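Chemist: Attaching a single structure in structure tokens format; questions to follow.
Every number in this text was worked out from the coordinates using simple rules, so none of it is lab data. Remember, it's a predicted structure, so these values are computed and weren't measured experimentally. A quick note on method: Cβ atoms are made from the backbone with ideal geometry, for glycine too, and the neighbour counts reach across all protein chains shown.
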Amino acid sequence: MQKCVEISTKSDKDTKAVGEILARSLMEDGPRKVATLVSLEGDLGAGKTTFVQGFAKGLGIKEIPKSPTFVLMKIFRIPGKKGRKHFENLIHMDVYRISARDLNALEWSDFSKNPANLILVEWGGRIKKAFSKKVLRVIFEHGKNEKERILRIQE
Ligand SMILES: Nc1ncnc2c1ncn2[C@@H]1O[C@H](COP(=O)(O)OP(=O)(O)O)[C@@H](O)[C@H]1O
Ligand SMILES: [Mg+2]
């Protein structure tokens with residue numbers, strides 16, 4: 001059965017906190033055979049990058065992720081101390097400007113196989129074909145007021 005959680009956030013701080021909680025909970029999952037994929041979907045300004053900032057913090061990463069639209073991909077090393085367990089790298093991607101076919105150039109098939117990788121893909125809905133069936137989706141929508149966002153997390 002498909003599980004779905006809906007959360008309303010009232011500030012960027014709230015959205016970061018949700019990212020942080022999700023990061024921690026994924027760390028507690030058992031080891032996998034391939035990389036763990038999270039697809040972040042929603043319009044510009046919906047809060048995807050903000051969420052990744054909280055997520056990285058939850059993994060103990062000191063650097064603050066920025067929008068990777070122009071760099072396409074950035075790899076962060078997950079530090080050992082904060083209970084890294086089986087994950088070693090956070091890979092933050094933004095595929096707004098690329099298609100599933102372009103992923104080969106980014107060595108997608110290699111790094112999506114590696115269980116040590118936790119991959120967060122902004123605009124992941126655009127490259128659905130490249131994802132295995134097991135992808136966690138976080139869908140962002142603007143809420144009723146300027147600072148509200150609705151986050152739907154589904155497996
Ligand atoms: N509840 C909220 N959650 C996330 N961001 C919010 C929220 N309220 C206001 N914001 C603002 O909205 C913008 C979201 O931008 P960003 O995270 O870069 O979006 P995206 O990556 O989806 O384009 C930021 O300027 C952030 O401060
Ligand atoms: Mg972004």
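Chemist: Where does each of Arg149, Arg126 land when they are ranked from fewest to most other beta-carbon atoms within 10 angstrom?
Modeler: The most exposed by this proxy come first: Arg126, Arg149.
Chemist: Can I ask one more? For every other residue with a beta carbon closer than 10 angstrom to the beta carbon of Leu40, add +1 if it is Lys or Arg and -1 if Asp or Glu, then tell me the sum.
Modeler: Summing Lys and Arg as +1 and Asp and Glu as -1 gives -1.
Chemist: Putting +1 on Lys and Arg Cβ atoms and -1 on Asp and Glu Cβ atoms, find which of Leu44, Ala17, Cys4 reaches farthest to the positive end of the dipole of the stretch 1-65.
Modeler: In the stretch 1-65, that residue is Ala17.
Chemist: Using amide H atoms built in the peptide plane, which far-off residues or other-chain residues are under 5 Å from Ile78 H to H?
Modeler: Asn89, Leu90
Chemist: What is the list of residues in the stretch 92-121 whose amide nitrogen lies under 14 Å from a point 7 angstrom out from the Cα of Lys74, following Cα to Cβ?
Modeler: So the set is 92-95, 120-121.
Chemist: Of the DSSP beta bridges with both residues in the stretch 4-154, give the percent that are antiparallel, rounding to the nearest 5.
Modeler: So the antiparallel bridges in the stretch 4-154 amount to around 55 percent.
Chemist: Then there is this: Please give the charge dipole size of the chain, origin at the Cα centre, charges +1 on K and R Cβ atoms and -1 on D and E Cβ atoms. Round to the nearest 20 debye.
Modeler: 340 debye
Chemist: Find the Cα radius of gyration of the stretch 4-154, compare it with 2.2 N^0.38 Å by division, and give the number to two decimals.
Modeler: In units of the 2.2 N^0.38 Å rule of thumb, it is 0.97.
Chemist: Now a separate question. Explain nothing, just compute: Karplus ³J(HN,Hα) = 6.51 cos²θ - 1.76 cosθ + 1.60, θ = phi - 60°, for every residue of the stretch 33-43 in order, whole Hz, x for Gly and Pro.
Modeler: So the Karplus estimates, Gly and Pro as x, are 8, 10, 5, 8, 10, 10, 9, 9, 10, x, 4 Hz.
Chemist: Output ³J(HN,Hα) for the stretch 138-155: one whole-Hz value per residue in order, computed from phi by the Karplus curve 6.51 cos²θ - 1.76 cosθ + 1.60 with θ = phi - 60°, and x for Gly and Pro.
Modeler: In residue order, the calculated couplings are 10, 9, 9, 9, 6, x, 5, 10, 3, 9, 9, 9, 9, 10, 10, 9, 9, 9 Hz.
Chemist: Quick one: order Val52, Val135, Val121 by neighbouring beta-carbon count within 10 Å, fewest to most.
Modeler: By the 10 Å Cβ count, ascending, the order reads Val135, Val121, Val52.
Chemist: Sorting Val138, Val18 on the 10 Å Cβ count, fewest up front, what's the list?
Modeler: The most exposed by this proxy come first: Val18, Val138.
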